[in-house]
1. At most 14 other Cβ atoms within 10 Å and a DSSP loop assignment: could you name the trypsin sites (Lys or Arg not before Pro) in segment 75-122 that fit?
2. Mind grabbing the accessible area of Phe110 for me, 1.4 Å probe, Å², rounded to tens?
3. Could you check the simple spin-label distance between Leu125 and Phe21, using points 7 Å along Cα→Cβ, in nm with one decimal?
4. Rounded to a whole number of µm²/s, how large is the Stokes-Einstein D of the chain at 10 °C and 1.306 mPa s, given Rh as the Kirkwood radius over C-alpha pairs?
5. Round to a whole number: what % of the accessible area of the chain belongs to carbon and sulfur, probe 1.4 Å?
6. Report the Cα centroid-to-centroid distance between segment 4-38 and segment 58-93 in angstrom, as an integer.
7. For segment 64-135, what relative contact order do you get, as a whole percent, if you take Cα pairs closer than 8 Å and at least 6 residues apart?
8. Could you compute how much accessible surface Glu9 exposes when probed at 1.4 Å, giving the result in Å² to the nearest 10?
Amino acid sequence: MVKHVRVAEPVPFSAINVTPFIDVMLVLLIVMILSIPVASHKLPVDLPSGLGTTAPETPHQLAIDRGGALYWDGAPIAEAQLPARLAQVGADPAGVLHMNTDPEARYERFDHVLAQVKRAGVNRLGFVGLRPFED
């Protein structure tokens with residue numbers, strides 16, 4: 001005698017699987033959390049306001065060699081002389097400072113000099129000698 005076991009017919013499943021939706025929402029939430037601080041970070045930059053007549057510039061060059069020594073317009077200067085010269089450039093509306101740093105110079109030295117430039121109120125600053133690294 002053979003017994004037959006009845007297998008129930010599959011019933012349509014009426015509930016939807018929400019796990020993929022939750023995963024997508026969590027990923028979107030993480031993307032928003034990471035992107036909001038980047039979008040809200042602002043750095044004030046003074047840009048020229050148009051094509052007007054400009055006063056002739058009085059450029060000065062400040063160089064830092066690989067040993068950390070300072071050069072003002074090609075002549076070596078002491079660390080104590082730098083704030084006074086930077087104050088003159090900051091007070092002159094036509095004064096421009098060009099910084100040229102040796103690629104082998106220590107970053108801490110560059111950062112220290114750049115902080116002095118900022119404290120002196122120099123707002124017309126350019127970086128000279130930024131070349132791509134050679135292979």
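The values are calculated or read from the model by the stated rules, or taken from the named source; none is laboratory data. These figures come from a predicted structure and were not determined experimentally. Note: ideal-geometry Cβ built from the backbone for every residue, glycine included; neighbour counts use all protein chains shown. Please note that ligands, DNA and RNA were not included when accessible areas were found on the heavy atoms of the full protein model with its side chains. Shrake-Rupley method; radii C 1.70, N 1.55, O 1.52, S 1.80 Å.
1. On the way: sites: Arg85, Arg106, Arg109, Lys118, Arg119; in loops: Arg106.
Qualifying residues, ordered by number: Arg106.
2. Probe radius 1.4 Å; accessible area of Phe110 about 40 Å².
3. 5.3
4. Numbers: Rh = 20.8 Å.
Translational diffusion coefficient: 76 µm²/s.
5. Result for the chain: 63 percent of the exposed heavy-atom area is carbon or sulfur.
6. 64
7. Rounded, it is 39 percent for segment 64-135.
8. Accessible surface of Glu9 is approximately 150 Å².
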